[in-house]
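Worksheet: the structure to be examined is printed underneath.
No value in this document is a laboratory result; all are computed from the given coordinates. These figures come from a predicted structure and were not determined experimentally. We place every Cβ from the backbone using ideal geometry, glycine too, and count neighbours over all the protein chains shown.
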Amino acid sequence: MGNVLVTGGAGYIGSHACKALKAAGHMPVTFDNLETGWQDAVKFGPFEQGTLLDRARLDEVFAKYQPVAVMHFAALSQVGESMSMPGLYWRNNVMGSLNLVEAAVAAGCLDFVFSSTCATYGDQDNVVLDENSAQHPINAYGASKRAIEDILRDFEASDGLRHVIFRYFNVAGADPDGEVGEFHQPETHLVPLMLDAIEGKRDALTIFGTDYDTPDGTCIRDYVHVCDLVDAHILGLKWLADGKGSRVFNLGTGHGFSVREVIDHSRAVTNRAVPFKEGARRAGDCTKLVSGSARAETELGWSPHRSTLKQMIADAWKWHQTGHYDQ
Ligand code: UDP
């Protein structure tokens, strides 16, 4: 127990992590530049505004709160944008994370939980990806996250930085209590875009590519509920506190759904038509990303019980209709 520094705590996943941390008896300290996060989403502990590129500011926050651990969510995370602006991703994600790691080590805060991604694996058609799969990212976002994983390993060797790396598959859903939820500006993710289209808040959803080598021609992804995902982070903190050492865990369910299947489920859950049209492929998209998730379940005791597509869409729909942050 104690203070946990949560970078990106004002964002979608970070805000859910803060809620879970508080419920588990920790004090989440949010560090966020509010470029893509929302001050309204910081509800469960203190807030410190700042950028990871400012080392002095990081040192100040470590000195003020003396955190026992770091949970590092802050990152740019749009695959398409990373392809057109790779420099932004390398500078923000990699250099920012390097500053954070160095500040943590300097402060003697050596338990570190990192939000990585299945995008580090790249396109490996028709295989289920486990933690030992090769990492060949095909977009700058995935490449930047893989580089940060390497940084963590090097600082473990030099300074004893203990880390748990979580490679997320596709995160969806929202806090069932409606306190926090998913809200990006601009929005690029499939589920919230689809819910907007259902409500007529934006034009029809465009399916990015219908000529992939999958049964219905659309990309397949493994969707995991944000509440299950952050539960794994609490288990990851305990794993480190128990001295079990650095480890990588995939977080997914092992079940893949195509874009068309997500549309079908959304129609069923909301009982509303989903306006969509078929479009071109989006640069950087892998055909299929499905997790071999046995390790998190057997070693961490993780159970992604909320991660049915139906439940994720139902919780996202509820948030969509009732929750919002002031812009
Ligand atoms: N997708 C789509 N139309 C959209 C947004 C996403 O067809 O407007 C597809 C995208 O090509 C991918 C899946 O939905 O196959 C999930 O994309 P998202 O951006 O939500 O997450 P990512 O897989 O990029 O992390």
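Summary of computed values
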| item | result |
| --- | --- |
| Choice from Val269, Val68, Val171 showing the highest fluctuation, given a GNM over the chain with Cα pairs closer than 10 Å | Val269 |
| Among beta bridges that DSSP assigns inside the chain, antiparallel share in %, nearest 5 | 5 percent |
| Extension gain from Ala280 to Ala157, taking 0.36 nm per residue of separation minus the Cα-Cα distance | 39.8 nm |
| Rounded FRET efficiency, nearest 0.05, which uses the C-beta distance separating His184 from Glu299 and R0 of 25 Å | 0.20 |
| Likely footprinting exposure, His233, His189, His265, His225, fewest C-beta neighbours within 10 Å first | His189, His265, His225, His233 |
| Charge sum, other residues only, whose C-beta stays under 10 Å from Ser116's C-beta, Lys/Arg counted +1 and Asp/Glu -1 | +2 |
| Footprinting exposure proxy for Leu235, Leu251 (fewest neighbouring C-beta atoms within 10 Å first) | Leu235, Leu251 |
| Selected from Leu195, Leu309, Leu88 as most flexible by GNM, with the chain as the system and alpha-carbon contacts under 10 Å | Leu88 |
| Proxy reagent accessibility, fewest Cβ within 10 Å first, across Phe276, Phe73 | Phe276, Phe73 |
| Interchain or long-range residues, amide H under 5 Å from Val224's placed H | Asn170, Val171, Ala172 |
| Separation in nanometres of the label points that stand 7 Å from Cα toward Cβ, at Lys64 and His324 | 3.1 nm |
| Shape category assigned to the stretch 55-148 from the gyration tensor of Cα positions, a/c cut at 1.5 | oblate |
| Added length on full extension, which subtracts the Cα-Cα distance from 0.36 nm per residue, Glu261 to Val127 | 46.3 nm |
| Calculated FRET value between Asp196 and Gln49, using beta carbons and R₀ = 22 Å, to 0.05 | 0.20 |
| Listed residue pairs exceeding 27 Å between alpha carbons, taken from Lys43/Lys238; Lys238/Lys288; Lys145/Lys288 | Lys238/Lys288 |
| Chain lengthening between Asp213 and Asp150 when straightened (0.36 nm per residue, less Cα-Cα) | 19.5 nm |
| Candidates Glu35, Glu81, Glu182: whichever shows maximal mean-square fluctuation once the chain is modelled as a Gaussian network with Cα springs under 10 Å | Glu35 |
